[in-house]
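The structure appears right after this line, and notes come after that.
Derivation of every value follows stated rules applied to the coordinates shown; laboratory data play no part. Here the structure is a predicted model, which is why all the values come from computation and not from measurement. Using ideal geometry, Cβ is built from the backbone for each residue, glycine included, and neighbour counts are taken over all protein chains shown.
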Amino acid sequence: MSQRSKLTVAVVGATGAVGRTMLSTLEARDFPATEVIALASARSAGSKVPFKGGELTLREVSKDSFKGVDLALFSAGGDRSLEFAPQAVAAGCVVVDNSNAWRMDERCPLVVPEVNPEALAGHNGIIANPNCSTIQMVVTLKPLHDAAGISRVIVSTYQAVSGTGQKAIEELSAQVRQMFNMQEPEVAVYPYRIAFNCLPQIDVFEANDYTKEEMKMTRETVKILNDPSVKVTATCVRVPVYYSHSEAVNIETRKKLTPAEARAILSAAPGVQVVDNPAMKLYPMPIEAAGEYEVFVGRIREDESIANGLNLWISADNTLKGAALNAVQIAELLLEKDLLKVKNPKAFL
Ligand code: NAP
Ligand code: 3JN
């Protein structure tokens, strides 16, 4: 990675589940920032977050927060991204945005470094980080698509509560404690109890009765693979797991791929680890993916109901590869390719 004499990085949403993981990932990967600034809401101003053995003091994000900042990692919700990312770019700061706000905007590349790094070239200042469920799926789909041409994907997700943020992590813990103490569990974050339950609703429903999360997976996958011929249908489910989303993925390919061929292709793919030995009861699980960088794939088997079909099971840490790690990898690529610059500060004003 190229070294700069000055590289100021701002993390917007630094108190959140994703923002804290962004800080720890910058630290763990030794990202060559000369200064890191932690931003959040007025509620957090003056409080501290841990970083590199010390602490960063939180400041309230404002349109003036980005003067002299080279790179901002946003993770404070779509409304903040819509309001402040254009201001950041106007100040000459490149934004990697973790929200849904800019993902489908034609001016913004939607990037997973193992899948479409080339999309970064010619960026306009805002680069979008995809949805966590999309990221882990496309890391696995891309090498199979290159080898055999995927025509259709049917995916069901099993998503951890950390995908909803810090309050949901606390709610699952509180409900488990309440139920073991024979108390009525308090329900606040989700429409129903999440402890010892599954909720087939993630985000709001759209007009077609799919949820927004399901439609994000459909639309984002096509944009990232840059191939509208890939048809995707998703069912997204919240499960009482703290960290790591899992997915049951069924694919139909144009050319036949045997499970052995798929295993070999995936074993050589960047960012993927194959864990697939039924005889030894080895398969990916959220408890083993949590805290790891890779996308774990297993249960690779033929879909015997169609001519060219495969079934896969995937687990990956949604706060890492699904969010913070992917954003930091994008930042690393920007540095590596000398793309950490804003060509047109007015691009989004
Ligand atoms: P979280 O734990 O609830 O954290 C929310 C963060 O946003 C906190 O730092 C909070 O600061 C900040 N924030 C909220 N309102 C703000 C305001 N008005 N002004 C400034 N900062 C504000 O949520 P999270 O799980 O970290 O997720 C944060 C965002 O990341 C989500 O909204 C979503 O857009 C994105 N996300 C993306 C993925 C993905 O799939 N790639 C996954 C999860 C989340 P305070 O502590 O000061 O309130
Ligand atoms: O629920 C999950 O597991 C992933 C959640 C992602 C999320 C949560 C709140 C707002 C997003 C996202 O990244 O798509 C957003 C958003 O930015 O719309």
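Tabulated results
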item: Under Karplus coefficients 6.51, -1.76 and 1.60, residue-wise ³J(HN,Hα) of the range 53-70 in Hz, glycine/proline x; result: x, x, 9, 10, 8, 5, 10, 6, 6, 8, 5, 8, 5, 9, 5, x, 8, 8
item: Inter-centroid distance (Cα atoms) of the range 76-129 relative to the range 331-349, Å; result: 10 Å
item: Bridge type composition, the chain - antiparallel percent by DSSP, nearest 5; result: 50 percent
item: Residue-span extension gain [S151 to D209] - 0.36 nm each, minus C-alpha spacing; result: 18.5 nm
item: Gap separating the Cα centres of the range 208-258 and the range 164-207, nearest whole Å; result: 24 Å
item: Column: log10 I(q)/I(0), Debye, Cα scatterers of the range 128-274, q = 0.11, 0.12, 0.16 Å⁻¹; result: -0.49, -0.57, -0.88
item: Cross-link partners of K212 among lysines (Cα-Cα below 18 Å; sequence separation of 8 or more within a chain); result: K223, K231
item: q = 0.08, 0.11, 0.12 Å⁻¹, the chain: log10 I(q)/I(0) [Debye, one scatterer per Cα]; result: -0.39, -0.74, -0.87
item: Dipole magnitude of the range 23-141, debye to nearest 20 (Cβ charges: Lys/Arg +1, Asp/Glu -1, about Cα centre); result: 280 debye
item: Sorted peptide list for 41-51, 61-71, 133-143, criterion being average Cβ within 10 angstrom, highest first; result: 133-143, 61-71, 41-51
item: Separation in nanometres of the label points that stand 7 Å from Cα toward Cβ, at E304 and K63; result: 6.4 nm
item: In range of the label at N344: residues from the range 63-88 whose backbone nitrogen is under 16 Å from the point 7 Å along Cα→Cβ; result: 86-87
item: Most mobile of S305, S81, S315 in a GNM of the chain (Cα contacts under 10 Å); result: S305
item: Length added when fully stretched, I287-A45, from 0.36 nm per residue minus Cα-Cα; result: 83.7 nm
item: Computed label-point distance, nm, for sites M182 and S5 using a 7 Å Cα→Cβ extension; result: 7.1 nm
